[in-house]
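Values quoted throughout were computed directly from the atomic coordinates according to the rules given, and no laboratory measurement underlies them. Because the structure is a prediction, the values reported are computed rather than measured. With ideal geometry, Cβ positions are generated from the backbone for all residues, glycine too; neighbour counts draw on all protein chains shown.
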Amino acid sequence: MNKERKHPILVTGSHRSGSTWVGKILATAPGLRYVHEPFNIDLGYYKSPFSCWYTYISAHSKPELQKAARKYLHSFDEFSTRFYMERMFHIRSLRDVQQLINDLSTYPGTTQTLMKDPIAMLSAEWLYQEMNYHVVLTIRHPAAFVASLKVKEWHHDFNHFLRQTDLMQNELQEHAATIEHYAKNPPDVLQQGILLWNILYSMVSNYQKKYSSQWLFVRHEDLSLDPLKEFKRLFDHLGLEFTSDTRKIIIESTTGSGVSTRETDVFNVKRDSKMNVKAWKDRLTESEIASIKESTHRIWPLFYTEADW
């Protein structure tokens, strides 16, 4: 804990974009401490100031929100005896106990924090500018994203955008009418996914224009097709040690099938990552694919080509 700490790393992107995969592979680097989704409002982290899915924080946000967010996020990066003593007195369940134990066990020997959190994506610029995070942002094909939501039956409450006045005024004005309509009359998962993809990846496009040389933007498909090469590129850019154990974990988690029992594995289930790239074609009908392609046509050519369909 006395070692000099390095700037934290944020791994983000839309949900279902591979951020967990990327975050956990990167977290195999020595000295790196993995933190799971501080922006996730379902996890019940102690003193979380966030109450909306995809909380938006910018340099123009209310000072009290920025201050609370800094204090809260610093608690994951720097050990504070007082903070953890406070947490002990606010334990209400076995889940709280386990969360505290897991959190404390990751501090010894670490010099850098990696925060994996897709829900932090709309605040990535603030985290970079105000808290000096290195940013890794994952990108996923619109059809793959929507297909994943369809399989999981993951709906989105668009009221969480409407509650954030700054977000609606600064970033989502062009989508305002549709967001309001979907908040009142939620459509099926397909249509929700299309709007979400357009909203989130229009933001990613803006980020790329500003930070193409500072941030790492990586397509899920490129990682899946050549994981060793692409992950090595990420490790090198971030100055992380790419160990032989990391190499083995990447190979084992992307080229096999079935359940793994090795304690060092990052994932319980092995996948053929190359086959997974086009799995969406089996999960969507031809008409659904055509609808997704047409409805996202203004954004997807910024990241993909016709051949990717």
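Count the net charge of all other residues whose Cβ sits under 13 Å from the Cβ of Gln191, scoring Lys and Arg as +1 and Asp and Glu as -1. The partial results should precede the final answer.
On the way: positive: Lys150; negative: Asp188, Glu288, Glu294.
The answer is -2.
Let me make sure I get this right: for the range 132-172, a, b and c are the square roots of the gyration tensor eigenvalues over alpha carbons, sorted descending. Under 1.5 in a/c it's rounded, otherwise prolate if a/b > b/c, else oblate. Which is it?
It comes out oblate by the Cα gyration axes.
Scoring 118-125, 236-243 by mean Cβ neighbours within 10 Å over their residues and listing the highest first yields 118-125, 236-243.
The HN-Hα couplings worked out from phi for the range 222-234 by the Karplus form 6.51 cos²θ - 1.76 cosθ + 1.60 (θ = phi - 60°) are 5, 4, 6, 7, 9, x, 4, 5, 6, 5, 4, 4, 5 Hz, whole numbers, x standing for Gly and Pro.
Couplings for the range 196-210, taken from phi via the Karplus curve 6.51 cos²θ - 1.76 cosθ + 1.60 with θ = phi - 60°, read 4, 4, 4, 5, 5, 8, 5, 5, 4, 4, 5, 4, 4, 4, 8 Hz in order; Gly and Pro are left as x.
Going down the table (Lys116/Lys281; Lys71/Lys209; Lys6/Lys116; Lys152/Lys229; Lys229/Lys274), which pairs top 18 Å between alpha carbons?
Working: Lys116/Lys281 28 Å; Lys71/Lys209 30 Å; Lys6/Lys116 16 Å; Lys152/Lys229 30 Å; Lys229/Lys274 14 Å.
Beyond 18 Å: Lys116/Lys281; Lys71/Lys209; Lys152/Lys229.
Rounded, prolate or oblate: which fits the range 181-258, taking a ≥ b ≥ c as square roots of the Cα gyration tensor eigenvalues, rounded meaning a/c under 1.5, else prolate when a/b beats b/c? It is oblate, given that a/c is not under 1.5 and a/b is not larger than b/c.
Residues whose amide H comes within less than 5 Å of that of Ile9, counting only those at least five positions distant or on another chain, are Thr113, Leu114, Met115, His134 (H built at 1.01 Å from N in the peptide plane).
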